[in-house]
1. Tell me, please, whether a residue that is assigned to a strand (DSSP E or B) and touching a helix residue (DSSP H, G or I) at 6+ places or on another chain (Cβ under 9 Å) can be found in the range 41-48.
2. Given (1) surrounded by fewer than 22 Cβ atoms within 10 Å (Cβ to Cβ); (2) touching a Lys or Arg at 6+ places or on another chain (Cβ under 7 Å), identify the lone condition not met by Lys110.
3. Could you list, ordered by first residue, the pairs with Cβ atoms under 9 Å in which the first is in the range 36-62 and on the phi < 0 side of the Ramachandran plot and hydroxyl-bearing (Ser, Thr, Tyr) and the second is surrounded by fewer than 22 Cβ atoms within 10 Å (Cβ to Cβ) and part of a loop (DSSP other than H, G, I, E, B), at least 6 apart or interchain?
4. Checking Asn30 against (1) closer than 18 Å to Arg140 by Cβ; (2) under 15 Å from the mean Cα position of the chain (by Cα); (3) not in a strand (DSSP E or B): exactly one of these is not met. Which one?
5. For the range 92-117, how many residues are touching a residue at least 60 places away in the same chain (Cβ under 8 Å), in a loop (DSSP other than H, G, I, E, B) and either under 21 Å from Gly134 (Cα atoms) or of a type in the set (Lys, Arg) (or both)?
6. If you check every pair at least six apart or on different chains, which have Cβ atoms under 9 Å apart with a residue in the range 14-34 that is surrounded by fewer than 19 Cβ atoms within 10 Å (Cβ to Cβ) first and a residue that is small (Gly, Ala, Ser) and assigned to a loop (DSSP other than H, G, I, E, B) second?
7. Please specify each residue of the range 94-107 satisfying the condition of being surrounded by 13 or more Cβ atoms within 10 Å (Cβ to Cβ) and either within 19 Å of Ser19 (Cβ to Cβ) or in contact with a helix residue (DSSP H, G or I) (Cβ under 7 Å, 6 or more places away or on another chain) (or both).
8. Out of curiosity, is Arg137 surrounded by 16 or more Cβ atoms within 10 Å (Cβ to Cβ), without any contact (Cβ under 8 Å) to a residue 60 or more places away in the chain, farther than 16 Å from Lys46 by Cβ and in contact with a helix residue (DSSP H, G or I) (Cβ under 6 Å, 6 or more places away or on another chain)?
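Every number in this text was worked out from the coordinates using simple rules, so none of it is lab data. Everything quoted here is computed from the prediction, not taken from an experiment. We place every Cβ from the backbone using ideal geometry, glycine too, and count neighbours over all the protein chains shown.
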Amino acid sequence: MSLRDIPIKTMEGTETSLSEFDGKAVLVVNVASRCGLAPQYETLEKLQQKYGERGLQVVGFPSNQFLQELRSNDAIKDYCSLTWGVTFPIFDRVKVNGRHEHPLYTELKKTPDDQGKAGKVEWNFEKFLVTPSGEVRRFRPKTVPDDPTVIAAIEESLPA
């Protein structure tokens, strides 16, 4: 099974997968509303607006793994749209590490970052860019979404 075929759930409980975005570069981010890095939501939305028509899809996966996420999907959805103007999809809450981690993150975490380190998600707002061909690039939480290395990776992965 490819990364894009792993089942994921929408906030409404409908099962889907990243294959919904076939042909696009997908920026997968574990998000948390009460995190000090939450202002990255705004930059992620700017990326979606700037590159969406060219083939980028930002997707958020709320996680309370680091005890900084709101309690319900409705509260998360309201926070994202009202506070940051988020229009990109936010999926159902997931665990990103540990025994009950979501299979999507089990696969994503096999990818090393630019320093060659794979393994656990370190914190909220870790970013994984999945190219249309299935390659994955990993960016740690403190690497902001509009960092030149992220932008270069996005532009390289966009469909021609």
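1. no
2. Going through (1) surrounded by fewer than 22 Cβ atoms within 10 Å (Cβ to Cβ); (2) touching a Lys or Arg at 6+ places or on another chain (Cβ under 7 Å) one by one, Lys110 breaks only (2).
3. Tyr41/Ser33; Tyr41/Gly85; Tyr41/Val86; Thr43/Val144; Thr43/Asp146; Tyr51/Leu158
4. Single failed check for Asn30: (3).
5. Count: 2.
6. What qualifies is Ser19/Ser2; Gly23/Gly55.
7. Once the filter is applied, which keeps residues that are surrounded by 13 or more Cβ atoms within 10 Å (Cβ to Cβ) and either within 19 Å of Ser19 (Cβ to Cβ) or in contact with a helix residue (DSSP H, G or I) (Cβ under 7 Å, 6 or more places away or on another chain) (or both), the range 94-107 yields Val94, Val96, His102, Pro103, Leu104, Tyr105, Glu107.
8. Yes; evaluated as a whole, the condition is true for this residue.
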